[in-house]
Amino acid sequence: MRCFEPEAIFAQGSPAIMGILNVTPDSFSDGGLFFGTVLAVRRGRELLSAGAGVVDVGGESTRPGAQPVSAEEEGARVLPVVAGLVAQAPQALISVDTSKPEVAEQALQQGAVMINDVTAGCQERMLEVVARAGAGLVLMHMRGTPQTMQQDTRYTQVVAEVAEFLLAQAERAQRAGVPASHIFLDPGIGFGKDLEGNLALLRALPQWAAWGYPLVLGVSRKSFIGHLTGAPVGERLPGSLAALLPALRCPQVVVRVHDVAATRQFLQVARAVGVT
Ligand code: HH2
């Protein structure tokens, strides 16, 4: 089991880049492209050389309406990729995008250092597994499940409701033994929110820094960019970069992206001109 050191993610400053590695046949933008251990490990190494500080390996799509997969199937997709990356890039920081404690536990045993849970640790066992391993934990807000989340996207006050939920989950995680310094909070852009909700959360993000937790932001290629611009999923890179602007005003944030090299260039220039 490897130890999680929060500073390691920000070794190259903030925003840090989390490269997305979907080992799925059905992810919304790259489904099937890296479905297979050899392809996925090669892609993971590419993400690292392009500037990803951490690679997020996922074996179950969370796009609206996606069909759930069993723990066995998800483990069979993800675990060989974690093992392959650990073997070929032993210093790499690997996160696993899973809400299943059994998958998380095995991935951490194989050398992953962080769990990205889109259900914000709603299963107590997930919190225990992460605490025992001394791992990092991303708590993301979602309403319902990927099957139901876009059915009701109304909130009275979206920012306050998402914030209240995430802070309560962070407290729960700490009660289960996860140190505050290992907890990252993510508003869950596109997970049970409409266009206005997504934009309100993005605008509010810089204020969340006051809570003291590092943040994670996932906007890459998401449908709100299509709703704003009409761009199809494969042509949303400019919008994805623009949607990162609020992250530039956060002191510690990890941006979860498909296009690592382009994001790195965007961040390098933003830093140089003093926007961050
Ligand atoms: N978005 C997706 C998946 N996991 N995790 C966090 N913490 N934040 C996010 O915004 C987030 C996430 C959806 O994107 P993607 O992985 O590209 O698609 P899919 O779920 O279809 O595999």
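Identify, by number, the condition in (1) surrounded by 17 or more Cβ atoms within 10 Å (Cβ to Cβ); (2) modelled with pLDDT under 95; (3) more than 15 Å from the ligand (Cβ to nearest atom) that F34 doesn't meet. If we test F34 against (1) surrounded by 17 or more Cβ atoms within 10 Å (Cβ to Cβ); (2) modelled with pLDDT under 95; (3) more than 15 Å from the ligand (Cβ to nearest atom), just (3) comes out false. Screening Q106 on (1) within 17 Å of N22 (Cα to Cα); (2) more than 15 Å from the ligand (Cβ to nearest atom); (3) crowded, with 16+ Cβ neighbours inside 10 Å shows it passes everything except condition (1). A residue that is farther than 30 Å from A76 by Cα and in contact with an Asp or Glu (Cβ under 7 Å, 6 or more places away or on another chain) occurs somewhere in the range 148-159. Exactly one residue out of G19, G58 is within 16 Å of the ligand (Cβ to nearest atom), buried (at least 21 other Cβ atoms within 10 Å of the Cβ), among the small types (G, A, S) and within 23 Å of P251 (Cβ to Cβ): that is G19.
Against the list (1) free of Cβ contacts under 8 Å to residues at least 40 places away in the same chain; (2) surrounded by 24 or more Cβ atoms within 10 Å (Cβ to Cβ); (3) in contact with a strand residue (DSSP E or B) (Cβ under 6 Å, 6 or more places away or on another chain), the condition D97 fails is (1). Only helices (runs of 4 or more DSSP H) whose full extent lies in the range 193-276 are considered here, and the ones with at least 3 residues that are within 14 Å of the ligand (Cβ to nearest atom) are 195-208, 223-229.
Of the residues that sit in the range 75-92 and are closer than 22 Å to L139 by Cα and crowded, with 24+ Cβ neighbours inside 10 Å, which one is farthest from the ligand (Cβ to nearest atom)? That would be V82. Of the residues that sit in the range 157-190 and are of a type outside the set (A, V, I, L, M) and under 18 Å from P251 (Cα atoms), which one is farthest from the ligand (Cβ to nearest atom)? The residue in question is S181.
The values are calculated or read from the model by the stated rules, or taken from the named source; none is laboratory data. As the structure is a computational prediction, the values presented were derived from the model and not from experiment. Please note: Cβ atoms are built from the backbone with ideal geometry, for glycine as well, and neighbour counts cover all protein chains shown.
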